[in-house]
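Okay, structure first, notes after.
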Amino acid sequence: MGAVWAAVVWHLLHAIASCAAILQRFLDGIAIAIGSVRFAWRSVTKKPRVVAIVVDGESARKCRDEIVELLVFLAAAGIRQVALYDMEGILKRYGTYLEKRVVSSTWKRQLKHDFHFSNGVDPFPRSNPIRTKSEPRMVVELLSMSDGKNAIAEAARRIHDDLRGSSRQDQLERINSLTETDVNESLKQIGRWKPDPELMLVFGKINSVQGFPPWRIKLTEIIYMGELRRNIDSSLSYALQAYSGKTHRYGC
């Protein structure tokens, strides 16, 4: 009888904890959506070095000024690298416009930052893809769905070329022993390797990463931000605070 009551109590506590977690996520979503919670990003103790931003097609077409505001905020918060993604590659066509607007906005706010917009070419030596905090430079990588497909196809082609001339048995053994490290090394050799984002902010009417390269977000913290709008500083501060409070365990 005691075992039955223990099981009942355990299931009850589990249900309460699950409901509390669901309620917390619901309240977090409301806070982010309406921007009602204000945190000072300067008080955040743990900040991501690389942030991915995913926007839907409508936001990419109509909210370029809001995207500029978003990039300026992240630069002021000390983020060193941003992967700005839309599925159709709309923002790539406006890369020069975005760069000029971001530089102009930071100059008006007296922020001493240098920006480098990239369409996939590695701007730094591969041994040091992210510069130190003493160098206030932010790299903005403009991405679309085609980039992920092309990168992994080129990496596979590189691995295939390396296997030429080997015996059939050696080729099979090499293919069966391929690891994530091998693929990353192949991406580095063709100049398509990029560091994985530690935080992803998803903007749009639906919560979807919209085809962002999946091998780059294996351990990424993903936060749905709702639709992109002006005066988003409070929501971004809240997202950084939420990331700072997470405990990440990557195994032994």
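Read the figures in this text as sums done on the coordinates, not as results from a lab. Bear in mind the structure is a predicted one, so any value in this text is a computation, not a measurement. When we count neighbours, we look across all protein chains shown, and the Cβ atoms used for this are built from the backbone with ideal geometry, even at glycine.
Modelled spin-label separation between residue 104 and residue 62, with each label point placed 7 Å from Cα along the Cα-to-Cβ direction: 2.3 nm. Modelled label positions at residue 154 and residue 166, each set 7 Å beyond Cα in the direction of Cβ, lie 2.3 nm from each other.
Extension gain for residue 219-residue 246 works out to 8.5 nm (0.36 nm per residue, less the C-alpha to C-alpha distance). A simple spin-label model places the labels of residue 229 and residue 88 2.3 nm from each other, with each point 7 Å out along Cα-to-Cβ.
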